[in-house]
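Let me begin by presenting the structure, written as structure tokens, before commenting on it.
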Amino acid sequence: MPTEVLDFYRAELEHSGANQEAAHRLGYELRRRLDAAARELSQALADRDNCTVIWGTSGTEIFNLLADSPAVAGKRVLTSRLEHPALLAALRRSAAEVKFAPCGKDGRLQMPEDSGAELAAFHQVQSELGIRQELRPLPGVPLFVDAIQAAGKLPLPPEFDLALLWFAATATLAESAHRSRHVDDGRGSPETALLLTLAFAATRRRAAREATLRRISELNAAARELLAGLPLPGGARSFCTVPAEAASPFILHLTLPGVQSGVVVRMLSEEDVMVAAGSACASETRTPSAALTALGFSREQAYSGLRISFGFDTSPEDVKKMAEALKRVLKNY
């Protein structure tokens, strides 16, 4: 994390200790600063400053808030089997009916024109495979966008009604979710210093977004050249699961047929290389990847996926180190 952001957070921990709900002057000043931070965050992530911001503590919390809102409760919802398990669980709990849109072999959604849905809920970037969707609203159907893997990295879709923007502390929602302060809805109040720091960091990141996107895209392309076609035990070869043109450059997903990727993850960690066997929330489960099985992979193949993430500070040297370590691990597998 940049030193500038850490220094800002430390300062806020010292000076933002008031209760934002308090009636005294310090509470009022903190509410004013949070309102300003919400506008800054909206501008940084959505390129407009008029999104309503609902502060929360996690993506799962916001999914459940959405599910309990009039936008979902008792409604017919169109989604996909590639969505985050926490979102699917929330929709199944609250919606009257959940329908699934099909997807192509590259994971791109095939949106039906007449679904009968009252809300569409889809990811912008799939959390495990990195599939990047070109989302468009269906006529007369509000669109909820899970943008957790895209916020601060990619532009949001030009049109959306509801968008989960950031895994750590916020979501922007339209008319169906209009509260910007904590109310008695069963949620706790997030740490105010963290929220103010989030807006500061997002604004800083927005200024460098285009340059960062170009640099990470180049690193992703280099990694694809190094990692596709590696020889595997049993005679198969590795391949990139999602074509570059259909994927976020911040995620590279490899399939290693015949190899247990959970074992590879642990072997790579001994080489000081940290990757994942799937999305972080499901990386230690004993079930095969739901995302890979949704794309038609066999149960055996669905255990062989390797998710590689690119951070804002990933370097060409990091990519080379990772590729060399993976080759050694596969040789010794």
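Values as computed for the structure displayed
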{"quantity": "Residues satisfying the stated conditions in segment 139-159, i.e. crowded, with 17+ Cβ neighbours inside 10 Å and either touching a Ser or Thr at 6+ places or on another chain (Cβ under 7 Å) or assigned to a loop (DSSP other than H, G, I, E, B) (or both)", "calculated": "P142, A147, I148, Q149, A150, A151, G152, K153, L154, L156, P157"}
{"quantity": "Check on A11, among the small types (G, A, S) and either touching a His at 6+ places or on another chain (Cβ under 8 Å) or part of a helix (DSSP H, G or I) (or both)", "calculated": "yes"}
{"quantity": "Residue check for E210: closer than 30 Å to A11 by Cβ, surrounded by fewer than 15 Cβ atoms within 10 Å (Cβ to Cβ) and modelled with pLDDT of 85 or more", "calculated": "yes"}
{"quantity": "Qualifying residue in segment 280-296 (condition: acidic (D, E), in contact with a helix residue (DSSP H, G or I) (Cβ under 9 Å, 6 or more places away or on another chain), farther than 24 Å from R108 by Cα and modelled with pLDDT under 95)", "calculated": "yes"}
{"quantity": "Options A22, A36, A11; residue that is over 15 Å from F200 (Cα atoms) and surrounded by fewer than 19 Cβ atoms within 10 Å (Cβ to Cβ)", "calculated": "A22"}
{"quantity": "Flag if A95 is farther than 30 Å from E210 by Cβ, surrounded by 15 or more Cβ atoms within 10 Å (Cβ to Cβ) and at pLDDT below 95", "calculated": "no"}
{"quantity": "Pairs, first assigned by TED's automatic domain parsing to the domain that holds D146 in segment 43-54, second in a strand (DSSP E or B) and not basic (K, R), C-beta under 6 Å, six or more apart", "calculated": "L45/L165; C51/T172; T52/L173; V53/T170; V53/T172; I54/A171; I54/L173"}
{"quantity": "Members of segment 69-87 that are crowded, with 20+ Cβ neighbours inside 10 Å and either within 20 Å of the chain's Cα centre (by Cα) or not in a loop (DSSP other than H, G, I, E, B) (or both)", "calculated": "V77, L78, T79, S80, L82, E83, H84, L87"}
{"quantity": "Per-region count, segment 32-48, residues under 12 Å from L195 (Cα atoms) and either of a type in the set (A, V, I, L, M, F, W, C) or at pLDDT below 90 (or both)", "calculated": "5"}
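The values are calculated or read from the model by the stated rules, or taken from the named source; none is laboratory data. Bear in mind the structure is a predicted one, so any value in this text is a computation, not a measurement. Neighbour counts run over all protein chains shown; Cβ positions are idealised from the backbone, glycine included.
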